[in-house]
Amino acid sequence: MTSILEVKDIEVVYNRAIHVLKGVSLNVPEKGIAALLGGNGVGKSTTLKAISNLLKAERGAITHGDIRYKGESLLGWDPADIVRSGIFQVMEGRRLFQHLTVEENLRAGAYSRRVGDIKPDLERVYNYFPRLGERRAQKAGYLSGGEQQMAAIGRALMARPKVILLDEPSMGLAPILVTEIFEILRVLCEEENVSMLLAEQNAHMALSIVSEAYVMESGRIISQGATNELTKTDIVRKSYLGMTEEDNAHRAYRQILLQKRAAGPRGGTLRPTLGTKGRTT
Amino acid sequence: MNELIYAIELTITGLLIGSMYSLVALGFVLIFKASSVFNFAQGAMTLFAALSVVGLFPIVGFWPALALTIVAMCGVAVFAERVIFRPLIGGAPLVIFMATLGLAFMLEGSAQIIWGTQPYGLDLGIPIEPIIIGGVYISRFDLVAAGVAGLLVLLLVLFFQKTKIGLGLRAVADDHVAAQSMGIQLRRVWAVAWALAGLVALAAGMLWGARIGVHFAMSLIALKALPVLIIGGIESVPGAIVGGLIVGVAEALGEGFVGSMIGGGVQDIMAYLVALLFLLFRPYGLFGEKKIERV
Ligand SMILES: Nc1ncnc2c1ncn2[C@@H]1O[C@H](COP(=O)(O)OP(=O)(O)OP(=O)(O)O)[C@@H](O)[C@H]1O
Ligand SMILES: [Mg+2]
């Protein structure tokens, strides 16, 4: 499979001192979805911001390596030019314009396009997300978490991008909503011919839709591969994902023991939690 | 009955003058919304614009003077964006604030070099004799000035709501990193915000200048805007408008009723008294932007 976006051995430093990415390489397949997996603070968002050249506002800089899009280096490009060339980022936490209406948010997504008429694009987004259509005149800040994520994805579609970078779309959403969102992403990838790079902590869900995955730990890629191989890889299971059935069962058991101990002899409500490292969704 | 008419007269005068306070405050709001910076140079920009108009007026005539000043204010905007914002992106807000302080000195300094320090009069040709409606005297000049201020505000609101760059401005005001992530160019938006603030400064400078003369104390007009911003909320366009009107009315009524009893001088402290009340009971201002928080 050919890659539309290639990140080649990039290093990123914040404040000229904090070395956060220590050589990250990854490829986003054309018309496919790649996942970038890892826990808190490993450098997923930094990688995505490096691609979109959004590091400057945070006093970060790429000190080594290259980012190539359709074979051309993106280093030093203005963020607006990167968007115009077809790479759109849905930032962590959705980042909707809270005081703008849903429709104004969508219009803002089309900002980089020069064409005048974006009505058909609005209708297309409302087709994918009918709930947004119903709330088009409402301030975005009052949408539910799931609706906000849909609006953020819809806003990306308005730019007619070739590549969408998604930073933790599952964050703070109930599992059923995550499933729904990921299903939409898969459909979009097929119907709209966009490629995606999906940064996620929620590896279990993410692996169900991606064709290729990279696992990150403290600024490095520690494991990579097509998803079916990857799920079997030992590193993944041990270092972070905790996704096999036995593993989960084992953890849940340990959790119960711990809680019992903490709650004392009378005991409290026992609720086994899955995975200790990731966020609860 | 006479008391009532007097009160109505004072209120109307207050509203008219207040609209000019609104105009001055609006300049601050524009830049604060776009970049979260309190632009200390707004007063200096007002002075600079007014001086430029009165300075060029006798040489080239009124309309060319106005046009040249508009160009100059846009130049100031581009300069401010290049020299202050672009290099300081991501810097501490205090640093950027200090830079606007520097800009204020630069503007005042160059105004002094070009036009000297003497006061100028500005005659816009608006008749001074008041009109009388039902026994109430209304200054014709204040009426025209308020009309101009109102028109300008209306145009600004339309610009924000109906144009693409207006949408960009509002998006940047809401979340500038997110705005940047979708290809909205911060530089361009900032330059436009500064240019708008410059045009507002020009309007305010001309109206105030025609009313009280153009002189260096004009840059202290910023001190009038401060209570307006406290009352209205520094991020709010409607806040600047309503805040200005409140200050205007409070000053007029205070001076007219209390001032006449204790021998004047109430006008200057009224604005701050009202602002103080707001600080105590409504610290984020009338329309201060509340964070939208869902429960
Ligand atoms: N502006 C910054 N200045 C200094 N250090 C930063 C900055 N932004 C991020 N970091 C550090 O860089 C590391 C990686 O951060 P990043 O946000 O990329 O992680 P992440 O993988 O996205 O984590 P999460 O899943 O929690 O969002 C962290 O240790 C973080 O503290
Ligand atoms: Mg992150």
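Listed values, structure above:
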{"quantity": "Extreme residue, positive dipole direction of the stretch A:95-160, given options A:ALA159, A:LEU122, A:LEU96 (C-beta unit charges)", "calculated": "A:ALA159"}
{"quantity": "Dipole in debye (nearest 20) - the protein assembly as shown, about Cα centre, beta carbon charges: Lys, Arg +1; Asp, Glu -1", "calculated": "1320 debye"}
{"quantity": "Per-residue ³J(HN,Hα) for the stretch B:279-284, Karplus 6.51 cos²θ - 1.76 cosθ + 1.60, θ = phi - 60°, Hz, x for Gly and Pro", "calculated": "4, 6, 10, 8, x, 8"}
{"quantity": "Size of electric dipole in the stretch B:180-295: Cβ of Lys, Arg +1 and of Asp, Glu -1, about Cα centre, debye, nearest 20", "calculated": "420 debye"}
{"quantity": "Inter-label distance, nm, simple model (7 Å from Cα along the C-beta direction), B:SER110/B:LEU286", "calculated": "3.6 nm"}
{"quantity": "Cut-off under 5 Å, modelled amide H: who pairs with B:GLU235 long-range", "calculated": "B:GLU289"}
{"quantity": "Dmax and Rg, reported as Rg then Dmax, of chain B (C-alpha, Å)", "calculated": "19.5, 63"}
{"quantity": "Amide hydrogen neighbours beyond the local backbone of A:LEU166, cut-off 5 Å, H modeled", "calculated": "A:VAL90, A:LEU197, A:LEU198, A:ALA199"}
{"quantity": "Percent RCO, i.e. relative contact order, over chain B, from Cα pairs under 8 Å lying at least 6 residues apart", "calculated": "35 percent"}
{"quantity": "Estimated dipole of chain B in Debye, rounded to 20 [Cβ of Lys and Arg +1, of Asp and Glu -1, Cα centre]", "calculated": "1020 debye"}
{"quantity": "Backbone HN-Hα couplings from phi across the stretch B:34-46 [Karplus 6.51/-1.76/1.60, Hz, Gly and Pro as x]", "calculated": "6, 9, 6, 10, 7, 7, 5, 7, 4, x, 5, 5, 4"}
{"quantity": "For the stretch A:95-160, the spread of Cα positions along each principal axis, largest first, Å", "calculated": "31, 22, 17"}
{"quantity": "Length-normalised contact order for the stretch A:95-160 - Cα pairs under 8 Å, 6+ apart - percent", "calculated": "55 percent"}
{"quantity": "Unit charges at the beta carbon, dipole of the protein assembly as shown: most positive-side option, B:ALA204, B:GLY239, A:TRP77", "calculated": "A:TRP77"}
{"quantity": "Amide N of the stretch A:142-177 lying under 11 Å from the label point, which is placed 7 angstrom from the Cα of B:ARG188 along Cα→Cβ", "calculated": "none"}
{"quantity": "For the protein assembly as shown, the Rg and Dmax computed from alpha carbons only, in angstrom", "calculated": "29.2, 94"}
{"quantity": "Column: log10 I(q)/I(0), Debye, Cα scatterers of the stretch A:116-224, q = 0.17, 0.18 Å⁻¹", "calculated": "-0.85, -0.94"}
{"quantity": "For A:52-58, mean number of other protein chain Cβ atoms within 10 Å", "calculated": "3"}
{"quantity": "Distance between modelled label sites at B:LEU124 and B:LEU154, nm, 7 Å Cα→Cβ extension", "calculated": "1.6 nm"}
{"quantity": "Euclidean distance of C-alpha centroids, the stretch B:41-56 and the stretch B:145-200, integer Å", "calculated": "22 Å"}
{"quantity": "Under Karplus coefficients 6.51, -1.76 and 1.60, residue-wise ³J(HN,Hα) of the stretch A:118-135 in Hz, glycine/proline x", "calculated": "10, 3, x, 5, 4, 4, 4, 5, 5, 5, 5, 10, x, 4, 5, x, 5, 10"}
{"quantity": "Residues A:LYS49, B:LYS164, sorted so that the one with the fewest Cβ neighbours within 10 Å comes first", "calculated": "B:LYS164, A:LYS49"}
{"quantity": "Amide hydrogen neighbours beyond the local backbone of A:LEU21, cut-off 5 Å, H modeled", "calculated": "A:VAL12"}
{"quantity": "Peptide A:109-115, shielding by other chains (average Cβ, 10 Å cutoff)", "calculated": "3"}
{"quantity": "Label-point separation, B:SER36 to A:GLU123 (7 Å along Cα→Cβ), nm", "calculated": "4.0 nm"}
{"quantity": "Cα gyration tensor, the stretch B:1-86 - rounded (a/c under 1.5), prolate or oblate", "calculated": "oblate"}
{"quantity": "Loop trypsin sites (Lys or Arg not before Pro), the stretch A:88-137 (other Cβ atoms within 10 Å of the site Cβ: 10 or fewer; DSSP)", "calculated": "A:ARG114"}
{"quantity": "For residues of B:197-209, the mean tally of beta carbons on other chains within 10 Å", "calculated": "0"}
{"quantity": "Compactness relative to 2.2 N^0.38 Å, alpha carbon Rg of the stretch A:26-71", "calculated": "1.26"}
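Read-outs throughout are calculated quantities, based only on the coordinates presented, and are distinct from any laboratory measurement. If you're wondering where the values come from, they're calculated on a predicted model, not measured in any experiment. Here Cβ is always computed from backbone atoms with ideal geometry, including for glycine, and neighbour counts include all displayed protein chains.
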